[in-house]
Amino acid sequence: MARPLRSLLPSLCLAFFFFFFFFFFFFTFFDCFLVAAQDPNNNRLTPINRDLYHSSVDLMKEIEAVVHRHSDKLTIETMKSRNKGYVVEMPVVTYRHGRNNIDDISKFRILLSFGQHGRELITTELALRILLILSEELFLPHMDRASLNNTLNKLVIKVVPMENLNGRRLVEGGDLCERRNGRGVDLNRNWSVDWGKKEKDYDPYEENPGLSPFSEPETQIMRKLALTFDPHIWVNVHSGMEALFMPYDHKNTTPDGEIAQQMKLLLEELNNLHCHHRCMIGSGGGSVGYLAHGTATDFMFDKARVPMSFTFEIYGDAAASSNDCFKMFNPTDPATFNRVLGDWSAAFFTIFKLGPEYLGEIKLHRKGNLDKLVSIDEYLEGYLIERSSRYGKKREVFELGLQEMRTYFRLFLLSSVLLMFMFCSRISKNKFTKPLVSALSPLR
């Protein structure tokens with residue numbers, strides 16, 4: 001009875017392998033079906049609404065045309081940088097009320113950055129709207145033009161309408177969830193304050209900080225611009241939620257002192273006047289539910305010594321699928337689109353008016369030594385876990401349980417196949433070696 005059973009072992013092993021591979025592929029198919037069933041909109045992603053949004057090329061053409069039409073108020077320059085063949089061009093628009101007066105030092109200076117993340121198209125549309133209002137081609141409702149001109153006469157405003165042009169081109173090419181620059185680095189993690197630290201939910205697709213602080217030409221340009229222009233107010237404009245953030249992003253605290261109190265008062269005023277009390281207020285690290293390391297706003301406050309440093313989140317659709325990035329980060333209907341641009345452009349003109357008042361007699365110049373590069377964190381590829389949503393949505397316990405079950409079941413299948421392979425290999429080895437021993441035994 002032993003020989004027939006031994007002769008059947010290769011067939012049994014083969015049948016075992018077929019069984020496990022069939023079961024594995026069946027489970028994978030069922031898994032995909034289940035994911036699709038849980039997210040009925042998974043295959044119905046919202047495309048870019050070309051009727052509402054400019055392409056990057058058309059947006060810059062329109063901005064250049066506005067500057068040309070109003071050369072008495074607006075100028076534009078293109079700052080350039082490169083790194084290992086990666087080339088960046090970044091337009092910077094400057095507003096001065098009367099170009100003959102170019103004494104920036106004696107005026108109140110404001111630096112605004114839009115489009116740091118490629119997928120956040122609405123932010124670049126807001127940059128265009130603000131420039132149109134500054135040029136007086138558009139007007140805010142109930143705006144006193146005489147009072148506004150009196151305010152603007154005391155300001156110099158620099159606007160970076162599209163910080164991440166290369167990343168924006170990837171989005172326009174079809175990668176609607178891309179937030180990084182043209183070579184896969186998150187520009188809002190590439191600054192030097194607490195650079196390179198990775199939280200437990202670190203996702204390299206979302207937060208790759210680069211090889212070192214300021215490794216990216218985009219952040220090099222913005223750093224140079226901030227240190228030479230020396231603004232009193234910095235605002236980094238994003239979308240994904242509705243929020244008015246002050247430092248810090250890398251820790252769950254806000255700064256101490258009178259300036260921090262004035263920042264919070266200004267944000268509360270903006271929330272009351274323009275955000276209709278919907279906006280979250282506080283530090284980014286303490287309000288969102290996760291810490292962000294190497295951000296622009298923390299650098300501006302701690303290193304560039306900008307007295308008022310803010311991050312604004314101007315729109316977010318919490319009901320959108322996590323894969324439907326255009327809808328999640330950008331309004332898709334004309335009414336919401338115009339409301340967002342109207343509310344937030346008004347908020348910025350309130351900043352132009354109240355910012356100098358809130359700073360008042362506070363000492364504005366706190367510059368120390370230029371920022372020094374910190375050591376590179378050797379742990380570059382942090383362990384990737386699928387995070388809970390960073391934009392207000394929470395995963396259900398059932399979904400998390402299914403995710404864990406899928407992971408452990410796949411590991412079980414893999415280990416079972418490996419063990420069976422080892423067992424069958426051992427049986428096959430014994431089968432082929434025993435006849436050889438029998439044939440040699442008479443020679444002993």
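The values are calculated or read from the model by the stated rules, or taken from the named source; none is laboratory data. Keep in mind that what you see is a predicted model, and the values were worked out from it rather than measured. Don't worry about glycine lacking a Cβ; one is built from the backbone with ideal geometry, like all the others, and counts go over all protein chains shown. These area figures cover heavy atoms from the full protein model, side chains too; ligands, DNA and RNA do not enter into them. Shrake-Rupley method; radii C 1.70, N 1.55, O 1.52, S 1.80 Å.
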Using the Cα centre of segment 174-238 as origin and beta-carbon charges of +1 (Lys, Arg) and -1 (Asp, Glu), tell me which of Leu176, Phe229, Asn190 is placed farthest towards the positive end of the dipole.
Phe229
Between their Cα atoms, which of Lys200/Lys353; Lys61/Lys84; Lys61/Lys353; Lys84/Lys197; Lys80/Lys303; Lys107/Lys251 are more than 31 Å away from each other?
Lys200/Lys353; Lys107/Lys251
Averaged over all viewing directions, the convex hull of the alpha carbons in segment 190-259 casts a projected area in nm² of 6.3
Segment Arg339-Lys154, length gained on full extension (0.36 nm per residue, minus Cα span):
63.7 nm
Taking 0.36 nm per residue of separation between Ala318 and Lys61 and subtracting their Cα-Cα distance, the length gained on full extension comes to 89.3 nm
What translational diffusion coefficient, in µm²/s and rounded to a whole number, does the Stokes-Einstein relation yield for segment 258-345 at 10 °C and a viscosity of 1.306 mPa s, taking the hydrodynamic radius as the Kirkwood radius over Cα pairs?
106
Sparse-neighbourhood loop hits (GluC sites (Glu not before Pro), segment 145-203; DSSP loop; Cβ within 10 Å at most 15 others) -> Glu199
tail above 19 Å in the computed P(r) of segment 177-319, as % of all Cα-Cα pairs, reads 51
Place the peptides 90-97, 51-58, 111-118, 305-312 in order of packing, highest mean first, counting for every residue the other Cβ atoms within 10 Å and averaging per peptide.
111-118, 305-312, 90-97, 51-58
Whole-Å semi-axes of the ellipsoid equivalent to segment 90-177 (Cα gyration tensor, √5λ, descending)
29, 16, 9
Once the piece of chain linking Thr75 and Glu89 is laid out straight, how much longer is it, given 0.36 nm per residue of separation minus the C-alpha distance between them?
3.4 nm
Share of segment 223-345's accessible area from carbon and sulfur, percent, 1.4 Å?
45
Per residue, how much accessible surface does segment 180-257 expose to a 1.4 Å probe? Answer in Å², no decimals.
30
